[in-house]
1. Of all residues in segment B:149-187, which are more than 9 Å from chain A (Cβ to nearest Cβ), among the hydrophobic types (A, V, I, L, M, F, W, C) and not in a strand (DSSP E or B)?
2. If A:G358 satisfies all but one of (1) without any contact (Cβ under 8 Å) to a residue 24 or more places away in the chain; (2) in a loop (DSSP other than H, G, I, E, B), what's the number of the condition it fails?
3. Among the residues of segment A:140-164 satisfying the criterion of being touching a Ser or Thr at 6+ places or on another chain (Cβ under 9 Å) and over 14 Å from A:C99 (Cβ atoms), which is most open to solvent (accessible area, probe 1.4 Å)?
4. Which condition does A:F352 not pass, out of (1) more than 19 Å from the chain's Cα centre (by Cα); (2) more than 30 Å from B:Y146 (Cα to Cα); (3) hydrophobic (A, V, I, L, M, F, W, C), if it passes all the others?
5. Counting only residues that are more than 23 Å from B:M60 (Cβ to Cβ), modelled with pLDDT of 85 or more and more than 14 Å from chain A (Cβ to nearest Cβ), how many does segment B:92-121 have?
6. Considering segment A:67-89 alone, what residues qualify as being assigned to a helix (DSSP H, G or I) and farther than 22 Å from A:K348 by Cα?
7. Among the residues of segment A:256-269, count how many are outside any loop (DSSP other than H, G, I, E, B) and either more than 18 Å from A:G246 (Cα to Cα) or free of Cβ contacts under 8 Å to residues at least 24 places away in the same chain (or both).
Amino acid sequence: MSSFGSLGDPAATFVLTGARVIDPSADADAVRDLAVVDGLLVDPATVPSDAPRLDGTGLVVGPGLCDLHVHLREPGMERAETVESGARAAAHGGFTTICAMPNTDPPLDEPARVAMVLDRARNRACRVRVIAAATRGREGERITEIGELAGMGIAGVSDDGSVVASARVARGLLAYLSPLGLPLIEHAEDPALSAGSVMRAGETATRLGLAGWPASAELSIVERDIALADETRGWVHFTHLSTEGGLNAIRRARERGVRVTCDVTPHHLALTDAWVAGWRGFAWEEPQGVAADPFGAPLDAALAYDPACRVNPPLSSRAEALALLAGVADGSIDAIATDHAPHPRERKGVEFGAAAPGMIGLETALSLGLSAVDAGRLELGRLLAALSTRPAALIGEARSLAVGSLADLVVFDPAARWRVDASALASASSNTPLLGMELPGVVRMTVAGGRITYRDGLDAIG
Amino acid sequence: MLDVANGHTTRHRPTAGGVVVSWPDPAAAPASGWPHRHLLDVDQLTRDQLEECLDLAVEMRERRLRRETLDLLRGEVVGLAFCEPSTRTRVSFELAAEALGAQVVELPIDVSSVTKGESLVDTLRTLERTGVTTVILRHSMSGAPYLAARSVPVRIVNAGDGSHAHPTQALLDALTLRDALGSLDGRKIAIVGDIGHSRVARSNLHALTALGASVWLAGPPAWVRGFETWPGVTVADQLEDALADADAVMTLRIQLEREAGGGVPSLREYTARWGLDADRLAVAQTGAPVLHPGPTNEGVEITADLAASERSLIGAQVVNGVAMRMAVLALLAQ
């Protein structure tokens, strides 16, 4: 039995015994008891004897997950997701903070609209931060009232869905943001190079007769914005990075001191462009069928051109996915962010090229990461850091499992597997090509701000 | 059993519904059941199945020449769903379906609404409920027939989807080439033009390489790049390399609007560098035939003289088109 709570609930008190507690902020990883009293982490020895005791044997505890990039679709597309349903999906996925992108209808480009979303976000199953639009109407011309928005606690500004196409406007934004300590969160895609494209250029696109956007469409913007951030001493954050070239440019820029950070989605780490042709293996698995023989292998009529695989930026080649995964493993990618992009059925049950780009990700992110861990591609501690402490630090939130901290954590069973079915998802949408697959990692409890926001079993013992 | 009216021998063949169909010549009938419900692309066909299509089309061509009427598709309703303008493919399918005794309906699909991404699935579902059993689908978006095949319980024949595939065209091209060359094994076939946007070229790459030919591609770089690693395919830097010792040459229709996309500076320059004429073909095998899926832009991708010459198989392609579509419909209806 699973249930949701909210940040408006009474503070939690419990003792979790015998779980593996991983705290990247302290570089700690040990099996120990963990105690929460009135929402605060305390020494287990000091807990009242009547506190509920939960058996954590075999479970892992990590800091509450933090997602820098979600689409909550409110206002404007509430059939696909609302703040409420998105927050529940987040809690189910182990997240305690999510950052809502502003490309709603109307966009979150003025203080009143941001205030409305923050109001709807109160006392949900997850903290919801807002990323405001970088330019009015997301039209890429006049910048929003960032000073006032900063006072409202926004996590950054972005015209996500589009790049800030004008280099002049991007430069102005970086300069204006610099003293506020907020990032320009950039969707790096040169529209002149990607126009008309529906997937990544490469052998699969050639085989399928689908127009592909070249990796240079990302790299050209990454290089441009690095130059602008360097000149303005601004902070640019590249979201949903999808190319090795972009990552290498970021590594080089950091070496010379430019303030540049980035995140990558779980699907760009685990899935490849061969998924568009019907392959359903992860990037680290040995390619077979159409993934091994992109031109010769027959297409599987049931899976080829699945609109659930249409995302933007598009799924990358296997080599690029593995390079990005290596970037998470070596720490050069700051965060894993889902780009959770819910869409109603009618926007996905159409021709591949007509389908809305995007897939949901809040409830599968941890499981995809654990799949990479199981495959030996990533250390569990690195995964949890990329999903929690490091993104949280970018938006000014602490994540610690030390005594005295506010309890903000996820408890999950890394060995248990679950089947990704629409009925298992708290999101109002189910657009993911992972439907029907069995993945490792079942969240047993999420605690946000000292409140239990999600719980699956894990009943009190004794 | 003798079908007195038509003078044909008929035989019982197992079909899904246990229907008796007349089959003019048991020798030409497939030995075992056709395993495919749809024809989405030729990539799904083994070499034996490709040969079977070609052999059956030869049979159909002869029956048609003798003006025999077949009733293999009696009781079937074939819907023509052309969500993109087309004349010759549509007419060819219509003639083929009628020649096999099917009822043919033209589905009222508004081309403009389909291109806006409105629901193809809804349209096809409605038609399925009205009794259509086979849909011949032409669509401007790559992969649309795959969506149709998994969404609607009817047979789908891909009559061209976006830049992806045009399987019946490739099959009729393979038949035309086999007629002219005897066999495709070890043959060098050159394809010239906008390969990247061509569904005809892609399906031909599958069919021709599966039948043993090596395929050389030539055209403006933006239109031929990306195919280098396709097994059995060579991308030529120079047109002359592709044409040298070629056993046959296929040129593709140039979409006149494509020059705006940066593929070529002008049609004039395209013709000057890649247009086919008798002089350019001098490096190919003596008498090497020329194919074109039509309609041709004479004077652009091929000279009018060459298109009308004895080396041109363009007329044979049209004749084979109907026969091949009869063969495909007959195989799928098993």
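1. B:V152, B:V154, B:A170, B:L171, B:L172, B:A174, B:L175, B:L177, B:A180, B:L181, B:L184
2. The single condition A:G358 does not satisfy is (1).
3. A:R142
4. For A:F352, the exception is condition (2).
5. Total satisfying the criteria: 0.
6. Selection gives A:E84, A:A87, A:R88.
7. 0
Here's the yes/no breakdown for (1) of a type in the set (F, W, Y); (2) open to solvent by less than 10 Å² (accessible area, probe 1.4 Å); (3) over 15 Å from the mean Cα position of the chain (by Cα); (4) under 17 Å from B:Q334 (Cα atoms):
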site	(1), (2), (3), (4)
B:E59	no, no, yes, yes
B:E62	no, no, yes, no
B:L65	no, no, yes, no
B:T69	no, no, yes, no
B:C83	no, yes, yes, no
B:S86	no, no, no, no
B:F93	yes, yes, no, no
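The values are calculated or read from the model by the stated rules, or taken from the named source; none is laboratory data. Note that the structure is predicted; figures quoted are calculated from it, not measured. Here Cβ is always computed from backbone atoms with ideal geometry, including for glycine, and neighbour counts include all displayed protein chains. These area figures cover heavy atoms from the full protein model, side chains too; ligands, DNA and RNA do not enter into them. Shrake-Rupley method; radii C 1.70, N 1.55, O 1.52, S 1.80 Å.
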